[in-house]
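**Q** Let me give you the structure first, and then I'll get to my questions.
Read-outs throughout are calculated quantities, based only on the coordinates presented, and are distinct from any laboratory measurement. These figures come from a predicted structure and were not determined experimentally. Cβ sites come from the backbone with ideal geometry, for glycine too, and all protein chains shown count toward neighbours.
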Amino acid sequence: MARQTIIKNWDELPQFFDIEMFMRLIGATSREYVRQKCKKGEYPAFRNGKEYLFDKDDVREWKRQNSIMKLDAGAGNNGVQP
């Protein structure tokens, strides 16, 4: 098995990347699950032929929005980020 490079910050990511890199970023283990979420529009992906690709800026915004949504749903934090 090939050793994977550790991504330490967003600047190290290419502008566009594939589903495997996205899976590493979100900690997903099932490629099929991620593909289904992409197809439903739940992940910020676009089609390139048969494959899904991700734009770094779209993923960053998606992660930011999801973090805010999770905090807003939490009890007692009034939607304020720490």
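**Q** What is the set of long-range amide H partners of Leu13 at a cut-off below 5 Å, with H atoms built 1.01 Å from backbone N?
**A** For Leu13, no residues qualify.
**Q** Along the charge dipole of segment 13-73, Cβ charges K/R +1 and D/E -1, which of Phe22, Tyr52, Gln36 sits furthest on the positive end?
**A** Gln36
**Q** Okay, moving on. Which net charge results for the neighbourhood of Lys56, defined as the other residues with beta-carbon distances under 13 angstrom from its beta-carbon, given Lys and Arg at +1 and Asp and Glu at -1?
**A** Combined, the nearby Lys, Arg, Asp and Glu give -4.
**Q** What is the diffusion coefficient of segment 13-73 in µm²/s, taking the Kirkwood radius over Cα pairs and the Stokes-Einstein relation at 25 °C with a viscosity of 0.890 mPa s?
**A** Reported coefficient: 206 µm²/s.
**Q** Can you give me the distance in nm between label points at Arg47 and Glu32, each placed 7 Å from the Cα along the Cα-to-Cβ direction?
**A** 2.0 nm
**Q** Give me the percent relative contact order of segment 13-73, please, defined on Cα pairs under 8 angstrom at least 6 residues apart.
**A** Relative contact order here is 36 percent.
**Q** Next question. Tell me which aspartates and glutamates have Cα within less than 15 Å of Lys50's Cα, excluding those fewer than 8 residues away on the same chain?
**A** In chain and number order, the partners are Asp18, Glu20, Glu32.
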